[in-house]
Amino acid sequence: MGIFIYSRTLGVAVMAWGMISFGHASDLAAETLLFPSHADRVKKSAEPFGVFAFRLYGGELWEKWIGVQRTLADEIVQLALCNGDRERCVSPAALRFLAIVDNAKAREGRARLGEINRAINLAIHPMSDLARYGEIDVWSSPLLTFTTGTGDCEDYAIAKLVALNQAGIPPDDLRIVIMRATIRG
């Protein structure tokens, strides 16, 4: 199980590094072996990985995201309070998270993205939801993830999304990308 978690985390890190290294998705072209004629549509897309994105408006993943958003509302308030008075902040997790955001704010462009990517990858140790919660797929908010110091791929992604937003990246430029492994179902 540990090797599987490490390989998933490594895969997420490599994917994020690739996104940072290769630039904006609209500058990339992609084709698949199955549908090479779709390359024209891919070139026109500004969404992640050069493919068209679909918004979720219902279902299990939507419910998980809504649950995270409810928790995020409270965490954003806690982060703002801690940011305003760090001496009286009662959350070590919030202070660690804000330190990552501060370091990222000192950088520009891709260096800001790279700083958050690196720091969050180092701050969270990979652990499956089954080992952590006894459940298969639990989505955690950043401060909960930072409190335990453990998480899986979506926990890394959610923490990075919030950190990038706190570091000044507009919400319209941020996405959570959910991919489905169709080969293994």
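Bear in mind that the values in this text are calculations on the coordinates, not laboratory data. These numbers come from a predicted model, not from an experiment. Cβ sites come from the backbone with ideal geometry, for glycine too, and all protein chains shown count toward neighbours.
Loop only per DSSP, at most 12 neighbouring Cβ atoms within 10 Å: give me the chymotrypsin sites (Phe, Trp or Tyr not before Pro) in the stretch 44-109, ordered by residue number. Write down the numbers at each step before the final one.
Details: sites: Phe49, Phe52, Phe54, Tyr57, Trp62, Trp65, Phe97; in loops: Phe52, Phe54, Tyr57.
Hits after loop and neighbour filter: Phe52, Phe54, Tyr57.
At a Förster distance of 35 Å, what's the computed FRET efficiency of Arg107 paired with Glu47, Cβ-Cβ distance as r, to 0.05?
Rounded to the nearest 0.05, the efficiency is 0.90.
Test of the criteria: in the stretch 110-158, which GluC sites (Glu not before Pro) are in a DSSP loop and have at most 11 other Cβ atoms within 10 angstrom of their Cβ?
Glu135
Between Thr148 and Ile178, what length in nm is gained on full extension when 0.36 nm per residue of separation is reduced by their alpha carbon distance?
8.4 nm is the gain from fully extending Thr148 to Ile178.
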